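Read through the structure below, which is laid out as structure tokens, and then see the notes.
The values are calculated or read from the model by the stated rules, or taken from the named source; none is laboratory data. As the structure is a computational prediction, the values presented were derived from the model and not from experiment. Here the Cβ positions follow ideal geometry from the backbone for every residue, glycine too, while neighbour counts run over all protein chains shown. Just the protein is used for accessible areas: all its heavy atoms, side chains included, with ligands, DNA and RNA removed. Shrake-Rupley method; radii C 1.70, N 1.55, O 1.52, S 1.80 Å.
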Amino acid sequence: MTTAMPSPSLANGGTENDSKSADHEKTANDDQNLSSDTSEAGEQTTKSDPNKTKPRWRRIYDIIYWTPERLRWNPDSPPKFSMGLNILFGFAGAFTVANLYYNHPILNILAHDFGVPYVKVSNIPTLAQAGYAAGLLFLCPLGDMFERRPFVLTLVFFTATMSIGLALTSSLSAFCAIQFITGVTTVTPQLMLPLVGDLAPPNRRAAAMSIVVSGLMLGILLARLLSGIMTQYVSWRYVYWLSVALQYLIFVGLWLLMPDYPATNKGGMNYFKMLWSILVMLTKHPVLVQACLISFFTSATFTNFWTVLTFLLSGKPYYYDPVTIGLFALVGIASMICGPFYARIVIDRFVPWFSVMLGMGWCLLGISIGTYTGTFTVAGPIVQAFVNDFGMQTAQIANRSAIFAVEPRGRNRVNTAFMVATFLGQLVGTSVGAHLYAKGVWIASGSYSMGSIGMALLITLSRGPWEEGWLGWHGGLSIYKKSKTSGDGKTEEQRSDLRRMGTNEVVPTLGRQGGEVDVEKGVPLEGHADKHPHHHGRDNAAEVNATDAEKSLEMRAAENQYGLAAAAAAPSTNESRHQKGPVAPQDPQA
């Protein structure tokens, strides 16, 4: 008879259920070990890559504000201001400020698409300009408190993202609100200009700034030109999609190339006191007030001309179509291109006052020709478009070169005061010019521009090139710079403390004995003893080290006890400063 063999588990005294339980327990232990291994691996992954545990918004934030190593601030090797970076700033300025002017030639199209009368869409450019004014006054001064790289990148990224709404919205109210907000944040060029003043050498500052200023002026003209031509053939929404693409392109370019630069006033300034300090500057620096007044009157001629030019060319005797009128912007663009070359050859070589006078002369010539010949020949407006814009641009560059020398640590606030005056002049020129054209046509508005330039000339002549006060011609009439390595030409301009870190450059500050002192190191300049006699004590290291410690303490105690009496009994003559024999130092910490 055949007998069935028991299973191993039963043979060992167990049951089949016990066998299944053991298998289940083994499987559970394996799963637990696997989970433990996975957890340990996860912890190792988290330690090796902490970014995976961060929220998505935080990772985006870190990417936006991450600075490539080659662009990080290094006091031993300050950033160099290259021509490529200068051109990038000019490009960024052009297509950032253009956001304010895309709407100018297409207001009638916007009124048609939104289904509203012209009077309602006329508020769009007003809101854009009002937003820009608010940004100038309340955001630009922050450039003296914040680091410029993250501040500028934030504004550009925000403006680009908000501009998407301009291309998508079907509501006029939403369009107006977004246009105002983007106007506030479209002030990045005015943060770049003071940074150019910090980065560029003083003797090349005018040429460097002229590239950025040319970009600003080109942006105003190119915005009107591109917007008018594109709307002629495609939808106006493509204009704003182009704006979005250009803004993100600017963001990428600045992220890749814009160097990091420390804040010039770290943690030492209250925001409201900083705004108040702008008014204080206007009471301290006559050259700043003079530059602001000149810019106010010259800017009025610029907007006056380009506002009423459309009325002139669209009516008798020309009857030009919108595309032809838009092409007149090319004349202004040509004058802007010439600006950097002129600044390098003329403005950087002479005192700013002389370049301002030349600029006023160019403006006066262009306005007089355009005003009194424009009604019967198109050559008049062409000459005015080129010469007037060229004169205004060169005068502004020269004035900026002068005012950036007065407050090296407050250049953003100085630029704010200057730009607010410029902006107010533009508003006055637009408003007054349009009203005068309605009453007296082309010659009336042009005569107003002649009067504005006359006022600017009087203000320029009220202070000579070397005058330090509010009025007068003290210091002579020379137009050549006394120091070719300075922006204003008066005295050699030292770089800011930030740029001098890690360099051999020193600031000629007078010490207690009248000698020059390096303010960073706090020591007298080497070689200055040749200028006048000094009697310096010298430390003998061997004698100092050989001094008995207890005797040194006794000497210090005696000094504290009798120091005041000895000081009172000491002679006050000059010979006492150079007395023979050792003198115990006064040490309040003894």
Inset, instruction - Give the long-range amide H neighbours of Phe350: residues separated by 5 or more places, or on another chain, with amide H under 5 Å away, using H modelled in the peptide plane at 1.01 Å from N. - result: none
Inset, instruction - Set the Förster distance to 60 Å, then compute FRET efficiency between Ile443 and Lys54 from the Cβ-Cβ distance, nearest 0.05. - result: 0.35
Inset, instruction - Compute the distance in nm between two label points, each set 7 Å from the Cα along the Cα-to-Cβ direction, one at Ile382 and one at Ser170. - result: 4.6 nm
Inset, instruction - Quote to one decimal, in nm, the extra length available between Trp276 and Leu327 on full extension: 0.36 nm per residue of separation minus the C-alpha distance between them. - result: 14.0 nm
Inset, instruction - Find how much the distance from Ser478 to Ser82 grows on full extension, using 0.36 nm per residue of separation minus their present alpha carbon separation; answer in nm with one decimal. - result: 139.4 nm
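Calculate, for Tyr318 and Leu427, the FRET efficiency according to 1/(1 + (r/R0)^6) with r their C-beta to C-beta distance and R0 41 Å; round to the nearest 0.05.
That gives a FRET efficiency of 0.90.
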Inset, instruction - Give, rounded to the nearest 20 debye, the magnitude of the charge dipole that segment 239-374 has about its Cα centre when Lys and Arg contribute +1 at Cβ and Asp and Glu contribute -1 at Cβ. - result: 320 debye
Legend entry - Fully extended contour minus Cα-Cα distance, from Arg204 to Lys284, at 0.36 nm per residue: 26.2 nm
Inset, instruction - For segment 343-416 and segment 123-154, compute the distance between their C-alpha centroids and round to whole Å. - result: 25 Å
Legend entry - Virtual spin-label span in nm between Glu468 and Asp260, 7 Å along Cα→Cβ: 4.0 nm
Inset, instruction - Write down the accessible area per residue of segment 306-390 in Å², having rolled a 1.4 Å probe over the full set of protein chains. - result: 42 Å²
Inset, instruction - Return the distance in nm (one decimal) between the two label points of a simple spin-label model at Val234 and Asp62, each offset 7 Å from Cα along Cα→Cβ. - result: 3.8 nm
Legend entry - Probe 1.4 Å - accessible area at Lys273, Å² to nearest ten: 150 Å²
Legend entry - Whole-Hz couplings from phi, Karplus 6.51/-1.76/1.60, listed for segment 445-460; x for Gly and Pro: 5, x, 5, 4, 5, 4, x, 5, 5, x, 5, 4, 5, 4, 5, 5
